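The values are calculated or read from the model by the stated rules, or taken from the named source; none is laboratory data. The model shown is predicted, which means the values in this text are computed figures rather than measured ones. With ideal geometry, Cβ positions are generated from the backbone for all residues, glycine too; neighbour counts draw on all protein chains shown.
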Amino acid sequence: MPKIEHPAKYSDVLLPIFDRYLPDDNHKILDPFAGTGKLKQIRPNCTLLEIEPEWADSCGAIIGDATAMPFDDAYFDAICTSPTYGNRMADSFQDHQVEKKYKRNTYRHILGRKLSANNSGGMQWGDKYRTLHLKAWQECFRVLKKGGIFVLNISDHTRAGQIIAVTDWHITTLIEVGFIKREHVKVRTKRQRFGQNGSLRVGYESIVVFDK
């Protein structure tokens, strides 16, 4: 089977930080936006949920939608995940045709087909993106045990030369859902340099830790 690619895997530098916060592998740990399942490198027994069949099959994930999870209430001890950022990685083939001079590394281009309807990898920053993630965070709150931990990897991005405050929106929304913020760690990572804003990347990613 050919190697299944993914345009936005966890940076290796983040895995030791996840390891620091997550309970051991004897606990039930979920990644509801699993991609190709890189979390398994540190928690081999974690449960993975992924909406796209190709990526799910590559890592043994359950094929499913993070806004309607097939799990019982209070089932997991911890959740660790990285949602999409609402950036230009959501561009379509049509966007690529308009800007042919830029190399593209998007969800749509990697899979080579139209994304599933509820895949936020096809959603630019805006109301649709925010509505989907609100539903996903409500589902995470439902399936996480009281006293459980939620580890979020997220990043701001640059649009038309301006930084979009994606991280603050997720933090505020998770608190409104009912999570309690414990810590916010900013980690310098090697950012992708593709596309129109390739030279204007935010220099770090955020790991935000919450309790339920």
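Among residues belonging to region 43-68 that are of a type in the set (Val, Ile, Thr) and surrounded by 18 or more Cβ atoms within 10 Å (Cβ to Cβ), point out the one that is farthest from the chain's Cα centre (by Cα).
Here is the first cut: in region 43-68, the ones of a type in the set (Val, Ile, Thr) are 47, 51, 62-63, 67.
Filter again for surrounded by 18 or more Cβ atoms within 10 Å (Cβ to Cβ), leaving 47, 51, 67.
Numbers: Thr47: 15, Ile51: 12, Thr67: 13 Å.
Out of the qualifying residues, it is Thr47.
The residues on offer are Val143, Val151, Val185, Val166, and the sole one that is over 17 Å from the mean Cα position of the chain (by Cα) and hydrophobic (A, V, I, L, M, F, W, C) is Val143. Consider region 106-158 and keep the residues that are farther than 12 Å from His170 by Cα and of a type in the set (Asp, Glu). The one that is surrounded by the fewest Cβ atoms within 10 Å (Cβ to Cβ) is Asp127. Within region 144-176, the residues that satisfy the criterion of being among the polar types (S, T, N, Q) and either at positive phi or not in a strand (DSSP E or B) (or both) are Ser155, Thr167, Thr172, Thr173.
Inspect all residues belonging to region 65-80 and state whether any of them is touching a helix residue (DSSP H, G or I) at 6+ places or on another chain (Cβ under 6 Å) and either acidic (Asp, Glu) or modelled with pLDDT under 95 (or both). Yes - at least one qualifying residue is present in region 65-80.
In this structure, Gln196 does satisfy being assigned to a loop (DSSP other than H, G, I, E, B), surrounded by fewer than 18 Cβ atoms within 10 Å (Cβ to Cβ), modelled with pLDDT under 95 and touching a Phe, Trp or Tyr at 6+ places or on another chain (Cβ under 7 Å). Considering Asp57, Asp25, Asp19, the condition of being of a type outside the set (S, T, N, Q) and in a loop (DSSP other than H, G, I, E, B) is satisfied by Asp25 alone.
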